[in-house]
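J.: Here you go, one structure.
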Amino acid sequence: MGENSCKYLVSSEQDVLWGMTVNTVGIEKVPADYDSYPLRSGHPDDFYFDLHKGRTLDSYQLVYITEGKGTFYTDPEVSQPIESGDMFVLRPYCWHSYFPDRRTGWTAYWIGI
């Protein structure tokens, strides 16, 4: 996969019989002093979100930050810092929002299950 790349996967009936499937994987490199976030490249509409409105997804997402730092919100009033080496879990049907620090940007890898 390239510098900013993602794949959204379709599960077959046979895949579903396993009880768990991978539906997305990707890498996102957001530079310092970025213009806007989230990046609008190659994602289905369900995966875009407004930072202030947040979003909910219908799958688990594991997000691993390998460079930079940012902020993760589990509630509009509850946030925690994210740093290089951190991983966070987005649970199905739970509101969330997150973004990289504008001074550092970040590199994030994710897998959706």
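J.: Given the stretch 11-113, what strands (runs of 3 or more DSSP E) lie entirely inside it while holding 1 or more residues that are among the hydroxyl-bearing types (Ser, Thr, Tyr), open to solvent by 40 Å² or more (accessible area, probe 1.4 Å) and at pLDDT 90 or above?
T.: Here the list reads 61-75, 78-83, 106-112.
J.: Give the residues of the stretch 62-78 that are aliphatic (A, V, I, L, M) and closer than 9 Å to residue 108 by Cα, sorted by residue number.
T.: Result: 63, 65.
The values are calculated or read from the model by the stated rules, or taken from the named source; none is laboratory data. Since the structure is predicted, the reported quantities are computational estimates derived from the model, not experimental observations. Remember, those area values only see protein heavy atoms, side chains included, never the ligands or the DNA or RNA. Shrake-Rupley method; radii C 1.70, N 1.55, O 1.52, S 1.80 Å.
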